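**Student:** This structure is in structure tokens; I'll ask about it shortly.
What follows is calculated from the coordinates using simple rules that are stated; it is not laboratory data. None of the values given here were measured: they were computed from a predicted structure. Glycine gets a Cβ as well: all are built from the backbone with ideal geometry, and neighbour counts include every protein chain shown.
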Amino acid sequence: MVSKIQAQTEVLAADCARLEAADRLQRESWEVARRLQRSVDELQAAAQEKDAEMDRLRAEAADARKKLQVNRSRPSCIPLFLFGFRSLGFFLMLAGVVVEGRRMRPGR
């Protein structure tokens with residue numbers, strides 16, 4: 001009878017050890033699942049930020065394209081009033097314009 005009780009005690013101890021191991025494994029699994037979910041949430045937030053940034057850049061590119069089209073439709077001459085006298089002389093010299101009967105030289 002003692003050996004039967006001892007055998008049942010050993011079986012119960014082994015079952016208890018298996019249950020504790022399973023419980024530990026379940027807790028670890030839940031912790032891994034929580035960390036994984038946190039990573040997924042962070043990745044989704046990062047993806048949303050990237051999508052918003054891409055939308056902003058697309059809008060910016062569309063505005064830039066529109067400005068380029070507007071600028072291409074304008075005359076391509078340089079408004080000379082934007083230059084100072086010395087810069088205007090240098091510009092004219094580069095263009096090969098003759099001033100006062102001679103070609104302009106830089107620094108004059």
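**Student:** Using θ = phi - 60° and the Karplus curve 6.51 cos²θ - 1.76 cosθ + 1.60, what whole-Hz ³J(HN,Hα) does each residue of the range 62-71 get, with Gly and Pro shown as x?
**Tutor:** Calculated HN-Hα couplings, in order: 5, 5, 5, 4, 4, 5, 4, 5, 5, 5 Hz.
**Student:** Moving on to the next point. Taking the Cβ of residue 58 as the center, what net charge do the other residues with Cβ under 11 Å away carry, scoring Lys and Arg +1 and Asp and Glu -1?
**Tutor:** -3
**Student:** Oh, and also: ³J(HN,Hα) across the range 46-56 via Karplus (A = 6.51, B = -1.76, C = 1.60, θ = phi - 60°), whole Hz, x for Gly/Pro?
**Tutor:** Listing the rounded values in order: 5, 5, 5, 5, 5, 4, 5, 5, 5, 4, 5 Hz.
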